[in-house]
Amino acid sequence: MFVMMVCFVMQFSIGVLGEVEAIKQMQNKGYSLIKQRYKNSEGEVDLIMLDDALKTIIFCEIKSTTQTLIDFENIISQKQWGRIINAAQMFFADEKYCKYAAYNMRFDAIFVQNGQVLKHIENIMF
C-alpha cells in the first residue's frame, strides 16, 4: 500500500511539474491561463488557455514523463481525446465560462520530459 502511494505521489508530482512548465511556455507565447485541471461530468482537460488576440480557447493535454518520448502523436489515445473534446464542449456551457462561447477552439498537446518542454503540437486534432 505504501509503495503504491509513493508511486502515485511521484506520478502526480511529475504531472504537476509538466503542467507548470507547459503554462510557462504558453504564457511566453502570449496566452493566458483560464483554468488548470478543468473537470466536468464528461471528462477533463489539463490546461485551458486563452489566445485573446485570435479569440481562441486552447485546450491542452499535457504528457509528462521521466522516460524518453519518441512517438508523440500516438501517446494520447482516441478515447482520451474523446473525453477531452466532450469536456471542452461542456466548458462552453459552464456558467463561469459561457462568455467564451463565441470563441474558436483549438486542441494542443504538450510533451514534457524531466521538467523540459520537448514538443508542443498545436491544433493536433485537426
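In table form, for the structure just shown:
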{"quantity": "Breaking point among (1) in contact with a Gly (Cβ under 9 Å, 6 or more places away or on another chain); (2) in contact (Cβ under 8 Å) with a residue 60 or more places away in the chain, for TYR97", "calculated": "(1)"}
{"quantity": "Residue match in segment 41-50 (condition: under 16 Å from GLU19 (Cα atoms) and surrounded by fewer than 17 Cβ atoms within 10 Å (Cβ to Cβ))", "calculated": "yes"}
{"quantity": "Residue in segment 47-82 that is modelled with the highest pLDDT, counting only those that are of a type in the set (D, E, K, R) and under 11 Å from the mean Cα position of the chain (by Cα)", "calculated": "GLU61"}
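The values are calculated or read from the model by the stated rules, or taken from the named source; none is laboratory data. Predicted, not measured: the structure shown is a model, and the values here were computed from it. When we count neighbours, we look across all protein chains shown, and the Cβ atoms used for this are built from the backbone with ideal geometry, even at glycine.
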